[in-house]
Amino acid sequence: MTTATNVAPQLGSASGAVTLKRRRRRGGDEDDTRKTNWWATALIAVCSLTVLVPLYLAVVVALKTPEQLTAGTGFELPNPIRWENFPEAWERTNFPQALANTALITVGSVVFTLLTSSVVAYALARNIHRPFFKGVFFYLLAALFIPFPIIMLPLVKQTAILGLDNQVGMILLYTIYGLSLNIFIYTAYIRSIPIELEEAARVDGASTWRVFWQIIFPLLMPMNATVGILTCVWAWNDFIMPLVVLTDPSSRTLPLAQYVFQGQFNTDYTVAFASYLMAMAPLLIVYIFSQRWVISGVTRGSIK
């Protein structure tokens, strides 16, 4: 009896020690996972300078006078600050009209891109096992490897003949030329959606169009946000396509309007940079509020 009585406390203390060691080990593992990777942090900090330094330079130059800019290296703080660069840039670029043209083309391109690319990608994703649809899919992907300068001159001729050298033509061109990349993004995500959802809807009598618009399209919101923002950034900042397509000066976009600061022998950098900041502000605000959707959409689209 005495031996059994003495053994019981020893076993209890031993088990308690083992439990305590396990807790400490788990705590140590958790602490290890929570440690900061300083090498990766330093690399990210250095890479962020490639964005922050040009942005700082743009803001500083936009607030300087031409004399201040030529007297230093460009990185000095402006003293005094010249706010008159912004009203001058507003007038010289006819900013309200250029902003309205750019917004019209951008919004139209985003809407038509989401409607067309998602439908085409759905048809290809659900029939990719058929040779014809697989051939169409790879045919569209092949367009990603065709540089724009190769088709630039024929494009100018065709748009002029068809009367599409205006905002409507720009919307159609952005929708068509973005089709290849957008289908590639959409298709990977649609194939990850269980087909049982569609089969259950068809059992209830839903047609293919109703299945897509009421079931599939709402599930594509992360992809819609990703494709929409990528198209928005492209259409807003594009310079070469509006330059060769648009013929009416009243239809010019912001990048074309800012070209007035480039003279034959000189460039008005201070007013030009003020104009760049004004054009960048709306798109930057949109991206700040939507960038989490871009990261989420790209991540989900890469996982099947």
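The values are calculated or read from the model by the stated rules, or taken from the named source; none is laboratory data. This structure is a prediction, so every number in the text was calculated from the model and none was measured. Here the Cβ is made from the backbone with ideal geometry for all residues, glycine too, and neighbour counts use every protein chain on show. These area figures cover heavy atoms from the full protein model, side chains too; ligands, DNA and RNA do not enter into them. Shrake-Rupley method; radii C 1.70, N 1.55, O 1.52, S 1.80 Å.
Here are the numbers for this structure:
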read-out: Sum of side-chain charges, LEU164 neighbourhood, beta-carbon under 13 Å (Lys, Arg +1; Asp, Glu -1); value: -1
read-out: Solvent-accessible area of TYR276 with every protein chain in place, 1.4 Å probe, in Å² to the nearest 10; value: 80 Å²
read-out: For ALA274, net neighbour charge (Lys/Arg +1, Asp/Glu -1) across residues whose Cβ lies under 14 Å away; value: -1
read-out: Local electrostatic count, GLY205, Cβ distance below 15 Å [Lys/Arg +1, Asp/Glu -1]; value: -1
